[in-house]
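Let me begin by presenting the structure, written as structure tokens, before commenting on it.
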Amino acid sequence: MRNLLRLCPILLAFALLLGAEPAFAGKRVALVIANSAYQHAPSLANSVNDGVVMAKTLKEAGFDLVDSRHDLSALDTRRVLRDFADASRDADIAVVYYAGHGIEVEGLNYLIPVDARLERDTDVYDEAVSLERVLVSVEPAKQLRLVILDACRDNPFSKAMKRTVASRGVGRGLAQVEPTSPNTLIAYSAKAGFTAQDGDGANSPFTVALSKHLTTPGLDVRRAFGFVRDDVLKSTGNKQEPFVYGSLGGEDVPLVPVKAVAAAPVAPVPNPQADIRRDYELALQLGNRAAWEAFLAQHPAGFYASLAKLQLEKIGAEQAHAAAIEKAKQAEAERDRLAALGAQKDAQAKAAADAKSAEQAQLAAKKAKEQAQQQAAAAEQQRVNLAATAPAASTASPAGTNVASLTPAAAPADLNRSVQTELGRVGCFSGAADGNWTTTSQRSLSQFNRYAGTKLDVKVASTDALDAVKSKPSRVCPLVCEHGFKVDGDKCTKIVCGDGYALNDDNECEKKRVAKPAPSKPATTSRRDGEDRPAQQRRQTGGYGGLGGIGGAAAGIAGGADRSSGRGQIYCDTRGCRQVTRGCHLEYRGGGGPGNVVANAEVCN
């Protein structure tokens, strides 16, 4: 018993050493394949270089087996994968890294050996190696199965190959995958559907970042790929974003364990400012009055309390503006109702005054809302700026406000530029990504809100906005072309009308109208020669068989108008009226009126 007690300190130290070992520190194996010298396509400059760097990185990380191959044919690739599956059977971690060409056909991904021709789309089934076959080779590993593909380049085979079926799709880059095996991760050098860059140096940006972060001792593999993503985005100007598919459990899974160090456990130093920061960020995500009131009840003073009060003021101003708008609408409706009913002037005047007062209150509330929004946005931007410039190890300020413990974030100019770049990718921003968040950038984000159905704050460029825009794989804002141009894919092309057609106001080609000649003016005819002649004759003769005196006088006067010919003259006497005989004419002999009916005499030569 005494001897056992003497062994207790030794056993305790041994237990501490065992406890310091990470959970995933068993056997680790890796396969590196790099294809550059393609026989039926242009060779790749960096693939073999990338393979050399990754093989060296894994060997220096202490992997038990690193099998490095390059420029493999289809048959050799299948044999190497079969042998690696045997090596993975007793391994805890199995890693496959591939650099070269890859292709996606009908939603499935394939790695292309150097001897592949791929003249038709169906050749991929015989001459390429499917991603599923690669996953089979790592499946025996017990704790982590990792496949890394630097194969998202712009593939020359997909452009030249013939389509045997018109509906068979050959995609750009690689297709998204969802691993079915547990504890499996598949890392792409670029997001599904996008292509990656080879870079200007001897290695691709993706491989450079992998060699820097992937084998950091004790670093969880998911965080390592997060750092890889950040480095690649920065080095490519946000044009290439690596992506990881699959999921792991809650424990950290480092590729390289931390070396065991016998040391006394150190109790974590409490950091109350970190708890306040987490509560503030949670309230910021909820963004309603109840959340901010609950935060202030828990943390009534300090840096974050001041920010929370500004957020509350902004919400109050927005609610007051909405209430003012509603009141103004009601006042206008009452004024219009009284006017329509014809109410008394005093009532209409009072209603008009109330409407005007409500309108002024609405404008004041709008101004107060905009001011509160600007103050809250400026305070939030200040918080982001402090987080970006704060050192990693923070110390409390004399007042007890530890502003350096804020979550690290991107510098404002870099964040602005990233949001502008992503807005341009989805068709909402056409300016230069210069990092200046001007009114043009704000309008672009507002357009994104409209067509994406989001409610992002447009006053500042935030990480929430960046994530929301990045989540959209294609154009969000519609392409708008000027008059005379039409939408053609992602650009505007000039509308050209054929001969005899012209562009109208509706941006459509319509047939030109030929001007018709002006109609000639019809010759006018004298009404005296037509329908008016009988009336004229009736006026001259006083009517057929009318009053003799008046008619005779008129006829006499008319008869005197044309003595040379009796044609067209009428002679009336007591027996009636008749036409003057041809060659005769009428002569006025005086008289006319009552008692002297015959005032004219017919004279024949």
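The values are calculated or read from the model by the stated rules, or taken from the named source; none is laboratory data. It should be emphasised that the depicted structure is a prediction, and the values quoted were computed from it without experimental measurement. Cβ: placed from backbone, ideal geometry, glycine included. Neighbour counts: every protein chain shown. Note: accessible area is taken over every heavy atom of the protein model, side chains too, but ligands, DNA and RNA are not part of it. Shrake-Rupley method; radii C 1.70, N 1.55, O 1.52, S 1.80 Å.
Temperature 10 °C, viscosity 1.306 mPa s: under these conditions the Stokes-Einstein estimate for the range 82-143, based on its Kirkwood radius over C-alpha pairs, is 124 µm² per second. Computed with a 1.4 Å probe over protein heavy atoms only, the accessible area of ASP115 comes to about 60 Å². With the simple model of a label 7 Å out from the Cα in the direction of the Cβ, ALA202 to ALA323 spans 7.1 nm.
Add +1 for every Lys or Arg and -1 for every Asp or Glu among the other residues with Cβ under 11 Å from the Cβ of CYS572, and state the total. Once positives and negatives cancel, what remains is 0. Counting 0.36 nm for each residue step from THR463 to VAL603 and taking away their Cα separation leaves a gain of 38.2 nm.
Under 20 Å from the 7 Å Cα→Cβ point of ASP275, by amide nitrogen: which residues of the range 290-316? Answer for the range 290-316: 291-308. Of the solvent-accessible surface of the range 52-154, computed with a 1.4 Å probe and all protein chains present, 45% belongs to carbon and sulfur.
When each of the peptides 240-249, 348-357 is scored by the mean number of other C-beta atoms lying within 10 Å of its residues, the order from highest to lowest reads 240-249, 348-357. Summing charges over neighbours of ASP92, with a neighbour being any other residue whose Cβ is under 12 Å away from its Cβ, gives +3 when K and R count +1 and D and E count -1.
The distance separating the Cα centre of the range 30-77 from that of the range 424-439 comes to 40 Å. Taking label points 7 Å from Cα along the Cα-to-Cβ direction, LYS259 and GLU508 give a separation of 7.9 nm. Using a probe of 1.4 Å on the protein chains alone, the accessible area found for GLU482 is around 140 Å². Between ASP490 and GLU119, the C-beta separation translates, for a Förster distance of 41 Å, into a calculated FRET efficiency of about 0.85.
Packing here is the average count of other Cβ atoms within 10 Å per residue, and on that basis the peptides 125-131, 415-421, highest first, run 415-421, 125-131. Extension gain, GLN374 to GLN298, is 24.8 nm, computed as 0.36 nm per intervening residue step minus the present C-alpha separation.
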